[in-house]
Amino acid sequence: MMLRRGFVLFLPRLVGLLVVACCSVSIVYMLACTPKGDNQQLALPRVHGPTAKEGYQAILQEREEQHRNYILSLKKQIAQLKAELQGRSEQLKNVQNQYPDPLDIRLDHSNPEKAQANLLAFLRSQIDKAEVHSGIKLSTEYAAVPFESFTLQKVYQLETGLTRHPEEKPVRKDKRDELVEVIELALGSLNNPEGISNVKHHVYTASDFIEGIYRTEKDKGTLYELTFKGDTKHQFKKIVLFRPFGPVMKVKNENVDIADTLINVIVPLAKRASKFRQFMQNFREMGIQQDGRIHLTVVYFGKEQMNEVKSILENTSKSANFKNFTFIQLNEEFSRGKGLDVGARFWKGNNVVLFFCDVDIYFTADFLNSCRLNTQPGKKVFYPVLFSQYNPSIIYGHHDSIPSLEQQLVIKKETGFWRDFGFGMTCQYRSDFINIGGFDLDIKGWGGEDVHLYRKYLHSNLIVIRTPVRGLFHLWHEKQCLDELTPEQYKMCMQSKAMNEASHGQLGMLVFKQEIETHLHRQKLSSKKT
């Protein structure tokens, strides 16, 4: 579309250049045909010479022939310029017919038939622009868009993430409905071939479907290639389908003012005073100094290390002149869900954004704004996917020293992973949290309460915004999975613990450490012998 618009902008300039060229040719022609001045007269033969008449006629004929050839040359050039101009005009007309402007499709409500025709033309053009009929030159192997394959029961995918498997049943309704629709459309095409009527032919069913592959080009559409059994063992039927994407359409254009939007950060805690001190350093810099529209609620379980935690909170309050905090103490066993629920219900002010947080979380001021922008009372709740840090002692084990915390917070596959199986860090308005019913307080200890709340929101009419965010990090800490946990909780805890340590490659280096050291030792001995 950008190339077409560039061509449309260039066309008036081209027309102007052609007009100037035609004018220049005409001027040259006039100058060439103008009689010469007195001082530029032709050298004619002498009047009384014996060949004066014949010589004069010969010179005139020669000059006439030269002018005639020159005129023919100019006419030929003008004709070529006119033909080129006409060709460019036809090319522009074809482009306009083939690639209608999405603005025409979107805005021309006065002529619905034209808008519909333009839309159909645009959708057809998506097939020509996509990599369907021929390949497209790519700059690198990373630019290739891979296919994924599927059968009636399974999808085989490359982009798996941590919660999906390379082979799985399509759980998401949109993906399941998409593939079912494609198979049904292919069967309809096979059973109702064009141009064949009153002729008996094989009736295809879903059992004849062997395999399909599909890939999506985000700006064009999705290509499907489906293979079915043929009439014999070595014959197959292949159906190629394409789901074109329509033009981008404006849905909303609005100003969002978050200047007065307060965030109440709720942190449940038991012991872990040293971690709380680190958390408060981050909270002071990002929450108090950079953001300034924030409240902190700490729900503390038990009394062990409580005075130390309160001292850290009070020192921060004095040094930063920060009064917007609440400290709640509960004399009972730690329960994350209970702490967050108590903290949310304790708030007595106006409707406020709640950010459920932990002490091993690092956030930026930009994340706090994302928290505000992606929540709306009665409309949206925000479930960010945070970046979880690997064990620094493993990541930087080959370094002389471990870098500072700020230097460690880099989003790379060697330093951590997107924690897409976690739902504990979330932002929502207090009114939505209360209306949804809050946490399940029967869940004790670690894990499970966040998933139950997440499912409540999914089962409601609220929009759940789930996306990776670059300003929210889970800091590595050694995880203890207690014996008091239920079997399901213990399993979840151990899975989380395994994923926290290092990447597959880094863990592999640890597993094969002995082999690597043996190899290096042999290489060293070999080099000494030589």
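The values are calculated or read from the model by the stated rules, or taken from the named source; none is laboratory data. Not measured: the values here are computed from a predicted model. Every residue, glycine as well, gets a Cβ built from its backbone with ideal geometry; the counts of neighbours run over all protein chains shown. Accessible surface areas use protein heavy atoms only, side chains included; no ligands, DNA or RNA. Shrake-Rupley method; radii C 1.70, N 1.55, O 1.52, S 1.80 Å.
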Members of region 402-428 found to be charged (D, E, K, R) and open to solvent by 40 Å² or more (accessible area, probe 1.4 Å), listed by number: GLU406, LYS412, LYS413, GLU414, ASP420
Filter result (within 30 Å of the chain's Cα centre (by Cα) and either open to solvent by 10 Å² or more (accessible area, probe 1.4 Å) or outside the structural domain of LEU330 (by the TED database) (or both)) within region 277-296: MET286, GLN290, ASP291
Selection status of ILE183, outside any loop (DSSP other than H, G, I, E, B), in contact with a Phe, Trp or Tyr (Cβ under 9 Å, 6 or more places away or on another chain), open to solvent by less than 60 Å² (accessible area, probe 1.4 Å) and farther than 30 Å from ASP360 by Cβ: yes
Unmet criterion (only one of (1) of a type in the set (Gly, Ala, Ser); (2) touching a helix residue (DSSP H, G or I) at 6+ places or on another chain (Cβ under 7 Å); (3) surrounded by fewer than 18 Cβ atoms within 10 Å (Cβ to Cβ); (4) on the phi < 0 side of the Ramachandran plot) for SER431: (2)
Residue within region 312-330 that is of a type in the set (Phe, Trp, Tyr), assigned to a helix (DSSP H, G or I) and either without any contact (Cβ under 8 Å) to a residue 40 or more places away in the chain or open to solvent by 60 Å² or more (accessible area, probe 1.4 Å) (or both) present: no
Residue check for TRP347: among the aromatic types (Phe, Trp, Tyr), open to solvent by 20 Å² or more (accessible area, probe 1.4 Å) and more than 29 Å from GLU501 (Cα to Cα): yes
Yes/no for LYS497 being within 33 Å of the chain's Cα centre (by Cα), under 30 Å from SER404 (Cα atoms) and of a type in the set (Lys, Arg): yes
Condition check for GLY471: within 24 Å of GLY416 (Cβ to Cβ) and exposed (fewer than 13 other Cβ atoms within 10 Å of the Cβ): no
Residue pairs meeting the criteria (Cβ under 9 Å; at least 6 apart or on separate chains; first farther than 19 Å from PHE245 by Cα, in region 104-120; second assigned to a helix (DSSP H, G or I) and at pLDDT 75 or above): ASP108/LYS114; ASP108/ALA115; ASP108/ASN118; HIS109/ALA115
Residue list for region 486-502, filter: open to solvent by 30 Å² or more (accessible area, probe 1.4 Å) and touching a strand residue (DSSP E or B) at 6+ places or on another chain (Cβ under 9 Å): THR486, MET499
